[in-house]
Amino acid sequence: MEKIRAGVFATVLVLVLGASASAQVGANLGLVNPNLASEAELRTVPGLPAAAVTALIEGRPFFRMAAVHAVVSRHAQEDAFDTIYRGLWLPIDLNDVTDEEILLIPGVGDRMLHEFQEYRPFAALAVFHREIDKYVDDTELARLEQYVYVRIDLNTASDEAILSIPGIGSRMLREFKEYRPYAALPQFRREMGKYVDASEVARMERYVEIR
């Protein structure tokens, strides 16, 4: 099993490091997304109590990692957070995130928090990649990138950038593009609301903007 996991990690790592700069959500190396995961998937997260699994399912969708942490912290001890968040995470917006949310990322301390802050606002995930690469090796950079994203511009984002949004497949890619140019986010909500419910529209909206 460990050999298989290592092989999967290596494959994803190659994809991450060779990916186009247009991807705006870090490639996932195995983190379970609390908004998208099944109950069975949530139960595989090391250190996550069964009561937390139930509460996460009942509470979603979540729009900030702080809200996920509020649920987890009601059911798990502080010394378990690092283990849990090596398996469970809601990607955080690099340009709209609290220090406390950044510090929930396993292995991130005050020094790396400073680097996250120093380069704001991030125009693209590629900027994060370039700047953080000054401080960590490629393996650690890929690990950190899976925790973060930069909002995509609805009117100019590439197919790759749109598909990097968790839970977006070819069908929603088509719908995202069909209504361009978007004049305002209410238009996005209205048009996407034809295909998915309001909670899913809200979940997708946290990854997009109009510039």
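Where a number appears in this text, it was derived from the coordinates with a stated rule and is not lab data. Quick caveat: nothing in here was measured; it's all calculated off a predicted structure. So basically every Cβ, Gly included, is an ideal-geometry build from the backbone, and we count neighbours across all protein chains shown.
Values as computed for the structure displayed
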{"quantity": "Proximal charge balance of V45 [Cβ under 12 Å; K/R count +1, D/E count -1]", "calculated": "0"}
{"quantity": "Qualifying trypsin sites (Lys or Arg not before Pro) in region 125-183, DSSP loop, other Cβ atoms within 10 Å at most 13", "calculated": "K134"}
{"quantity": "Which of Y85, Y135 has the fewest Cβ neighbours within 10 Å, and the rest in rising order", "calculated": "Y135, Y85"}
{"quantity": "Label-point separation, E115 to R189 (7 Å along Cα→Cβ), nm", "calculated": "3.8 nm"}
{"quantity": "Local electrostatic count at Y195 - Lys and Arg +1, Asp and Glu -1, tallied over other residues with Cβ under 15 Å", "calculated": "+1"}
{"quantity": "Part-to-part distance (alpha-carbon centres) for region 176-211 and region 27-82, which is given in Å", "calculated": "26 Å"}
{"quantity": "Cut-off 11 Å between beta-carbons: net charge of the residues surrounding L90, Lys and Arg +1, Asp and Glu -1", "calculated": "+2"}
{"quantity": "Unit charges on C-beta of K, R, D, E only; dipole of the chain, Debye", "calculated": "660 debye"}
{"quantity": "Net length gained if the chain between N95 and T44 were fully extended (0.36 nm per residue, minus Cα distance)", "calculated": "15.3 nm"}
{"quantity": "Of the trypsin sites (Lys or Arg not before Pro) in region 16-91, those whose Cβ has at most 15 other Cβ within 10 Å and which sit in DSSP loop", "calculated": "R43"}
{"quantity": "Mean separation of Cα contacts under 8 Å (6+ apart) over length of the chain, as relative contact order %", "calculated": "26 percent"}
